[in-house]
1. Please give the peptides 124-132, 192-200 ranked by average Cβ packing (other Cβ atoms within 10 Å per residue), highest first, as a rough proxy for protection.
2. Accessible area per residue, 1.4 Å probe, Å², for the chain: what's the number?
3. Once the Cα gyration tensor of region 167-277 is diagonalised, what are the square roots of 5 times its eigenvalues, in whole Å and ordered largest first, as equivalent ellipsoid semi-axes?
4. Could you tell me how many cubic angstrom of Cα convex hull volume region 6-117 has per residue?
5. Counting only DSSP beta bridges with both residues in the chain, tell me the antiparallel percent, nearest 5.
6. Tell me which DSSP H helices of the chain clear both cut-offs, 18 Å or more of axial length from alpha-carbon atoms and a mean Kyte-Doolittle hydropathy of at least 0.0.
7. GNM on the chain, C-alpha springs below 10 Å: top fluctuator among Arg119, Arg47, Arg89?
8. Among the GluC sites (Glu not before Pro) in region 1-105, which ones are in a DSSP loop with at most 14 other Cβ atoms within 10 Å of the Cβ? Mind listing them?
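The values are calculated or read from the model by the stated rules, or taken from the named source; none is laboratory data. Bear in mind that the values here come from a model prediction, so they are computed numbers and not experimental data. Using ideal geometry, Cβ is built from the backbone for each residue, glycine included, and neighbour counts are taken over all protein chains shown. Ligands, DNA and RNA are stripped out before the accessible areas are found, and what is left, the full protein with its side chains, is counted by its heavy atoms. Shrake-Rupley method; radii C 1.70, N 1.55, O 1.52, S 1.80 Å.
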Amino acid sequence: MHIMDFREIGKLVSEDRLSLEYLWKHRGTRFCSTCNISDFYFLERSRVRCKRCGRDIYPLKGTRFTELRISPSQWLSLIKLFELSVSARKAAKDTALSYKTSLKAYDLLRRVLVEDLARTDNLLKGELEADESYFGGRRKGKRGRGAGHKTIVFGILERGGKVSVSIVTDVKAESLLNETVKKVRRGSIVYTDKWGGYDSLMFCGYRHLSIDHKYKFKQGKVYINGIEGFWSFAKERLMKHHGISKEKFLYYIKEMEWRYNNREKDLFDILVDLMIR
């Protein structure tokens, strides 16, 4: 797998023609359907013209790239900046776009990621770790379970596999069990801490083992260090946004899920493919 460095990306976005050609190749349909040749003039507004029959073709028609009126080179720049977790405000400056436009582009990319997660939402199995975490700004008062004005996120991590997260209204047994049943295959081993909300797992077809964090954080294979590592991964990246509205928070936390599950892959290449679908 070849991952483009900054020099290659810089060259690619230096001309709209190069950017459009790159995206067209990704789509895999680089020929004229009328005369079946692949020799074109590159024109303005993301279109090309067949050199033989003169037919105008819009290579990005039907893709997510057409949902905003920005150039192919600006799109590729934004995707690279998004991959690098650069804020939408800074991305606007770097691409000479308005903040409103760059934010819309980032919102679209997050929607595409959520759609991708939905397509690949297979049941988790084997050995899993389950836990909840609380997201929101620093406030006075109780921290952790029972903290007010926080968004509760429930997460399940498949050891050696992927993580899956969802927003829950509370950490009662019914809420945690419902989310587990939707995500985890019966017969799997689920590791948790000693929170009583997990006790009912053993009655629903799961083997449940727990660790009491008052005394230790690991006992043989009984630990939840993996899912706790994900919480750190997510919070470190979300902190730089300096506040996320409740309406958009789901997209941001699902972005963290997607990034974590694809952390060993070329995110730029995957993002381009998802936008072209």
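1. Numbers: 124-132: 21.1, 192-200: 16.9.
Those peptides, ordered most packed to least, come out 124-132, 192-200.
2. Details: 15480 Å² over 277 residues.
Result: 56 Å² of accessible area for each residue.
3. So the equivalent ellipsoid measures 29, 17, 16 Å along its semi-axes.
4. Numbers: hull volume 12.4 nm³, N = 112.
Per-residue hull volume (Cα only) is 111 Å³.
5. On the way: 20 of 29 bridges.
In the chain, approximately 70 percent of DSSP beta bridges are antiparallel ones.
6. TM-like helix candidates: nothing returned.
7. Arg119
8. Details: sites: Glu8, Glu15, Glu21, Glu44, Glu67, Glu83; in loops: Glu15, Glu44.
Counting only loop positions with at most 14 other Cβ atoms within 10 Å, the GluC sites (Glu not before Pro) in region 1-105 are Glu15, Glu44.
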